[in-house]
Every structure is written in structure tokens, then in C-alpha cells.
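In what follows, a structure is listed as C-alpha cells, so that the remarks can point back to it.
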Amino acid sequence: MQNIFIIYTGGTIGMVQDPETGTFVPFDFELIARNLPDLARLNYNLTVHSFTPIIDSSNMKPSIWLEMAQIIKDNYEHYDGFVILHGSDTMSFSASILSFMLEGLQKPVILSGSQLPIGEIRTDARENIMTALEIASAKENGKSIIQEVCILFDNKLFRGNRSFKYNSAKFEAFRSPNYPVLAEAGIHINYNREALLDNTDKEFILHTQIDDQVAVLKLFPGINKATIKAILESDARSIIMETFGSGNTMTEPWFLDLIGEAIKNGKNILDISQCKVGSVELGRYETSQGLKALGVLNGYDMTFEAAVTKLMYLQGHFEEQEPVAHWVEIPLRGELTVND
């Protein structure tokens, strides 16, 4: 019999409709249990930890990430796997930061939720929960098949730090275009063995330091100097610059001068693409050659969610900027592919 620990944070999966306002509000885990009687038929020992109060994932923040990570650490030796029921809106952020905080993970941590509340007739919640539990318990030769933080949604298992929510109107809410799906559930659950992390020989370490001094500069045609200057001169230690195509920006001298000045003043500037598919290739075009020369960092094919949380993790780990700049370009938990 497998021991599975469920962390219930809230989200659509456990919401009910307020009869007065018509809006969906979070409810407790008992609602889920009542609407999922099959839980009692499973050959699992289930332990449930519910957050108090239950939260909407739009209110997710570092203190809650720390609480989730600490719960996993405290119960790590006693359970075979962990399932986190979480709102879908910020699920990829939580999955990404947990992947960095939980180094050397040798057991599955599966985040899941739903697009419709579990009390709705056509809800996707039941299938998502049952499949997440089955994957969280899956072992071969005494070892967990999944040894990383993942997202399970609509019968697909994604590496958490490679995923993003792309659709708010379909059950197929998540995608991972720059990395293969880890598993797909049909009649059987088929695992993509070559894509899975293997941490068997690693030590499990919990990291609890997070520094949220991160800002975002999203470029668009016509963005003005004052806006760029305000972001570059903010208190943020690192700035994620969302660029065009394979990492390209305008080549106006004033723009490059502002970027260069920010880097000289100790800012780390990380280049990620606004495109969801593909990778940054600094220097491939003239419009990114100048960035590389100035010391702009390459985010390769990282998602926005992974870039934000990786910088928070690294800044919490290092007080100096140089090691942050060094490690952000190196894959730590399978979050990026170096293409040069």
C-alpha cells in the first residue's frame, strides 16, 4: 500500500458558487472528498493537509511556496509521493520554484487542479486527481518512476519548470513546447523514459532562501525611453527582458547605452523570448549582437515562469551578482536547453 501526501491549497477544483454574488469562492477539501467517493476505494493511505485559509492561486506568494516546500521536507521520509492541488493560474510558477527549492528530489511531486469545480457535472477534476495519485504512487524496482516536480493536466504530465498555462477555456490548459511530455494517460500511462530526471544517486536538499527582487522589461515597438529607464533603475537585482524572436531588440544607441549602464551598475539582465516555442540565440542577428557584447545573459528556451523563479532562487542562494549570472545560464533542474 502506497502512502501519498496531498497538499490542498485551493483553486478552482474546490470552489463553490456564491449564491449571492454568482462568483466562485474557495471551499475546503471535504467538498472534494464528497464528490470523489472513489478515493475510498484506492489502495493508498492518503494524508491531507489543507491550507488555512484556502487560497485562490492568484494570491500565490513566496511565503506559501516556502510553506509547501517545508511540508514536503517534513514528510519526505514517510510518503511515497506528493500531490499538490493548486489553482491553475499560477501553477507553473509554483511548480518551477518548487523544482529549484527541492534539490535532488527522488519522489514525485505532482501539481494538479481543474478548469471546472469538482461539483460540476462535466468537471475535469476527477480524472486529474485520480491520474495524479496513480503517477505519484508509480514505482519500478522499488524506485519512483517520477523523481521531479511535475504538472498533471488533461491526461498529460509535464515537467513543471517547462510548462505554462496557455488556455483558460479548455481542459487542455497547459503546454510544454520546448520539452517533451513526460507521460500520457490513456488506457495505460505511458512514460517517456528518456525525458525523465533520475536523481537516484543525489542527496535531497531543501532550499528555503528566496529573494524576490526581480523585475520584467517586456519590449514592444514604440516603448519609450522613460519606461525602460524606470525599470532598469528599479531596486531589482535582476531584470528579465522579454525580447523578440530569438532574443532580438531595437538597436537604438540610447537603448543599448541604458542596458550597458544598468549592467555596469550591477544589474543582471536575462534575455528570454516572447515566443513560446524556440530559444534565444544571442548574436545570431545583428539586433542581438550588441546585447551579447554588453553582457546580457542568455535565457535560452526557459519559460517566463521558470526564469522568474530561478532568479528568485539564485538570488536567495547568493548575495553576490556574479554567481547568479553564472548559474542562471546553466540547467539546474532540466529547465533549459543550452543551444551553443
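The values are calculated or read from the model by the stated rules, or taken from the named source; none is laboratory data. Since the model is a prediction, treat every value here as computed from it, not as a measurement. Counting neighbours? That spans all protein chains shown, and the Cβs are built from the backbone with ideal geometry, glycine included.
Scanning region 283-305 finds no residues that are in a loop (DSSP other than H, G, I, E, B), within 21 Å of the chain's Cα centre (by Cα) and more than 30 Å from LYS61 (Cβ to Cβ). Out of all the residues in region 234-250, is one or more under 17 Å from the mean Cα position of the chain (by Cα) and surrounded by 15 or more Cβ atoms within 10 Å (Cβ to Cβ)? Yes, region 234-250 contains a residue that is under 17 Å from the mean Cα position of the chain (by Cα) and surrounded by 15 or more Cβ atoms within 10 Å (Cβ to Cβ). Within region 124-165, restricting attention to residues that are at positive phi and of a type outside the set (Gly, Ala, Ser), the residue that is surrounded by the fewest Cβ atoms within 10 Å (Cβ to Cβ) is ASN141. Looking at this structure, is GLU335 in contact (Cβ under 8 Å) with a residue 24 or more places away in the chain, within 24 Å of the chain's Cα centre (by Cα) and over 30 Å from MET60 (Cα atoms)? No: the conditions fail for GLU335. If the condition is being over 14 Å from the mean Cα position of the chain (by Cα), crowded, with 24+ Cβ neighbours inside 10 Å and more than 24 Å from GLY316 (Cα to Cα), then region 92-112 contributes only PRO108.
Checking each residue in region 135-152 for being among the acidic types (Asp, Glu) and assigned to a loop (DSSP other than H, G, I, E, B) picks out only GLU148.
Looking at TYR285, TYR313, just one residue is among the aromatic types (Phe, Trp, Tyr), modelled with pLDDT under 95 and either within 23 Å of TRP254 (Cα to Cα) or not assigned by TED's automatic domain parsing to the domain that holds PHE174 (or both), and that residue is TYR285. From the list GLU172, GLU203, GLU194, exactly one residue is more than 20 Å from TYR300 (Cα to Cα) and in a helix (DSSP H, G or I). Which is it? One residue alone meets the criteria, GLU194.
Taken together, the criteria place PRO117 among residues that are in contact (Cβ under 8 Å) with a residue 40 or more places away in the chain and over 20 Å from PHE5 (Cα atoms). If you go through region 242-272 and keep only what is modelled with pLDDT under 95 and either within 15 Å of THR227 (Cβ to Cβ) or acidic (Asp, Glu) (or both), you end up with THR249, MET250, GLU252. Within the set ALA226, ALA262, ALA230, the sole residue that is crowded, with 19+ Cβ neighbours inside 10 Å, more than 19 Å from the chain's Cα centre (by Cα) and assigned to a helix (DSSP H, G or I) turns out to be ALA262. Counting the residues of region 197-223 that are loosely packed, with under 15 Cβ neighbours inside 10 Å and either aromatic (Phe, Trp, Tyr) or touching a Ser or Thr at 6+ places or on another chain (Cβ under 6 Å) (or both) gives 1. Residues being modelled with pLDDT under 95 and of a type in the set (A, V, I, L, M, F, W, C) are entirely absent from region 137-152.
To keep it simple, each residue is scored yes or no on (1) among the charged types (D, E, K, R); (2) under 25 Å from LEU42 (Cβ atoms).
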| site | (1), (2) |
| --- | --- |
| ASN75 | no, yes |
| GLU103 | yes, no |
| PRO117 | no, yes |
| ALA138 | no, yes |
| LYS143 | yes, yes |
| ASN167 | no, no |
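When the residues of region 175-191 are filtered to those that are in contact (Cβ under 8 Å) with a residue 24 or more places away in the chain and not in a loop (DSSP other than H, G, I, E, B), the one that is nearest to ASN128 (Cα to Cα) is ALA185.
Going by the conditions given, is MET241 of a type outside the set (Phe, Trp, Tyr) and part of a strand (DSSP E or B)? When the stated conditions are applied, MET241 passes them. Can you give me the number of residues within region 153-202 that are more than 20 Å from PHE100 (Cβ to Cβ), out of contact with any Lys or Arg (no Cβ under 8 Å at 6 or more places or on another chain) and of a type in the set (A, V, I, L, M, F, W, C)? Counting residues in region 153-202 that are more than 20 Å from PHE100 (Cβ to Cβ), out of contact with any Lys or Arg (no Cβ under 8 Å at 6 or more places or on another chain) and of a type in the set (A, V, I, L, M, F, W, C) gives 5.
Just checking, which of ALA185, ALA195, ALA173, ALA169 is touching a helix residue (DSSP H, G or I) at 6+ places or on another chain (Cβ under 7 Å) and in the same structural domain as LYS61 (by TED's automatic domain parsing)? None of the others qualify; the one that does is ALA185.
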